[in-house]
Amino acid sequence: MTITTAQPRPVTHDVIDPAILYFGTPVVLLATVGSDGAPNLAPMSSVFWLGSTAVIGMGGRSLTARNLLATGECVLNLPSADQVDAVDRLALTTGRADVPEGKHAAGYRHVPDKLAHADLTGVSAETVGAPRVAECPVNLEGRVVAHRPLAGTEHDEDPTWIFDVAISRVHVHPEIRAQGHANRIDPDRWRPLLMSFQQFYGLGARVSPSRLATIDEEWYR
Ligand SMILES: Cc1cc2nc3c(=O)[nH]c(=O)nc-3n(C[C@H](O)[C@H](O)[C@H](O)COP(=O)(O)O)c2cc1C
């Protein structure tokens, strides 16, 4: 009788040094307001959520970071995949009239009214001064409760900032709500726009039943 021992499956990896590690996150149109009351809107995707707090990362040269440091008021507007054209129109723009030299060299230009530029509609938020974007299926109003420079950038002239944003109100289009539940999103109906390595993607269909989903969502409240 021949005994065979199971061999480890051959797996090889290459060691590489990517300039960015953007493996895929949702796109947010982040609306902010300056201390003069002027609104601004910027695409960003360094974001995740823990409970009802959003953690976002913004480069210190952006008007968005400056507005968040000044007033702390914002709306995280989540576009769906079919709003990609509006999002892409906002790429390579800044609300800063004094476009930083490095960004100018990379192709950025000043756009004073980003909402109009992207043909989007601003509507008043209920708990903050920054605008909601009517076309985005999700508007998360919030306020900065903590901020700090990203480790390694604290001595830079313009650090990258990490902001903890406490969400104060959630507005959603009725089409993405889970039927029969007062406070739930149906993930089969919500089609977020994702960014992976500077390219836009949508989600495919659900791939498998989920054991975690046997926990009622209210358990997390
Ligand atoms: C899809 C997308 C995602 C982006 N993600 C981020 C991000 O997470 N953080 C960031 O600082 N900039 C990000 N940017 C670049 C900002 O939009 C850019 O710095 C812009 O000039 C900010 O606008 P503002 O100066 O008016 O605030 C992203 C741009 C695009 C198009």
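Each value in this text was obtained by applying a stated rule to the coordinates, not by laboratory testing. Source: prediction; values computed, not measured. Using ideal geometry, Cβ is built from the backbone for each residue, glycine included, and neighbour counts are taken over all protein chains shown.
Values for this structure:
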item	result
Rounded Å value of the spacing that divides the Cα centres of segment 159-221 and segment 73-132	22
Distance between modelled label sites at H104 and D14, nm, 7 Å Cα→Cβ extension	3.8
Simple Cβ-charge dipole of the chain, Lys/Arg +1 and Asp/Glu -1, about Cα centre, in debye nearest 20	400
Highest to lowest packing among 57-67, 159-169, scored as the average C-beta count within 10 Å	57-67, 159-169
Length added when fully stretched, A81-A151, from 0.36 nm per residue minus Cα-Cα	22.0 nm
Hz values of 3J(HN,Hα) by residue in segment 172-181 - Karplus curve (6.51, -1.76, 1.60), Gly and Pro given as x	9, 5, x, 4, 9, 6, 7, 5, x, 10
For segment 60-166, radius of gyration divided by Kirkwood radius, i.e. Rg to Rh on alpha-carbons	0.97
Burial order of peptide ranges 71-83, 20-32 (average beta-carbon count within 10 Å, highest first)	71-83, 20-32
Rounded to 5, the percent of DSSP beta bridges in segment 25-200 classed as antiparallel	95
Alpha carbon convex hull of segment 34-78, projected area averaged over orientations, nm²	3.3
A70 paired with R184, simple spin-label distance in nm, labels 7 Å along Cα-to-beta-carbon	4.3
Note, ³J(HN,Hα) from phi for segment 27-37, Karplus 6.51, -1.76, 1.60, rounded to Hz, x at Gly and Pro	8, 10, 9, 8, 8, 9, 9, x, 5, 8, x
Kirkwood Rh and Cα Rg combined as Rg/Rh, segment 106-213	1.02
Fraction in percent of alpha-carbon pairs per bin - 5 Å, the chain	1, 6, 12, 16, 19, 15, 10, 7, 5, 3, 2, 1, 1, 1, 0, 0, 0
For segment 25-200: relative contact order, % (alpha-carbon pairs under 8 angstrom, 6 or more apart)	26
